[in-house]
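A.B. asks: What follows is a single structure, and I will ask about it in a moment.
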Amino acid sequence: MRGTKERKFEPEELREEQVSSETIYKGRILDLRVDKVKLPDGRIRSREVVEHKRAVVVLAENDRGEILLINQFRYPAGEVLIELPAGIVEQGEDCAVAAERELREETGWKPGKISKIGEFFTSPGFSDELLIMYYAADLTLDELPFDEDEFIVPSFFSKEAARRLAEEGGIRDAKSLYGIYWWLSNTSERG
């Protein structure tokens, strides 16, 4: 087992201390920096950090008990992915308001009810991106203009179809898998 011959640390002793920081790139939704950190044992190491703007993801369920997923080409992945609607929180914008706005922009559906499910880091080994997930219900059509650089096809999926997609590898987006499995495990609680 790793670490058996080394000093053992208590959880509160694991924190790394920033020694220096250099921003390498500043972008529209993310920045990249390289930090020097002091490890718990005193050694100095580099950490590459992607600073990502706060983002929201929306699990929207219609009155037939189906969830809304989108098809969208994702350039870094090089393919069309099936995902839950999501997007960046604008400066000063409330996260629940951002979730409603993103749902309307990407799908044309407005929630009558929206509530926070939870929040999670997408890949904390190199990014500080924190996604806040919302559950939306009582949907009505109420479109906002699409973002000019987004081409999205929304569709509703039954519980069985969503489960099958997830289990058979049709959904490979982590936030969407998280949301779908949350939804499937909590469906009985909502009736």
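A.B. asks: Among the candidates E93, E105, E119, E100, single out the residue that is assigned to a strand (DSSP E or B) and among the acidic types (D, E).
C.D. replies: On inspection, the qualifying residue turns out to be E119.
A.B. asks: Please go through the stretch 75-85 and pick out each residue that is within 21 Å of R104 (Cβ to Cβ) and in a strand (DSSP E or B).
C.D. replies: If the condition is that a residue be within 21 Å of R104 (Cβ to Cβ) and in a strand (DSSP E or B), then L81, I82, E83 are the ones that fit.
A.B. asks: A follow-up question, please. Would you tally the residues in the stretch 75-103 being in contact with a helix residue (DSSP H, G or I) (Cβ under 7 Å, 6 or more places away or on another chain) and among the small types (G, A, S)?
C.D. replies: Selection size over the stretch 75-103: 2.
A.B. asks: Can you go through I114, I180, I132 and tell me which one is in a helix (DSSP H, G or I), hydrophobic (A, V, I, L, M, F, W, C) and either outside the structural domain of I88 (by TED's automatic domain parsing) or in contact with a helix residue (DSSP H, G or I) (Cβ under 6 Å, 6 or more places away or on another chain) (or both)?
C.D. replies: Every option except I180 fails the conditions.
A.B. asks: Shifting gears a bit: Take the residues in the stretch 63-77 that are loosely packed, with under 13 Cβ neighbours inside 10 Å and within 16 Å of the chain's Cα centre (by Cα); name whichever of them is nearest to E102 (Cα to Cα).
C.D. replies: Among those residues, the one meeting the criterion is R74.
The values are calculated or read from the model by the stated rules, or taken from the named source; none is laboratory data. What you see is a predicted model, and the numbers here were worked out from it, not measured in a lab. Backbone-built Cβ (ideal geometry, glycine too); neighbour counts: all protein chains shown.
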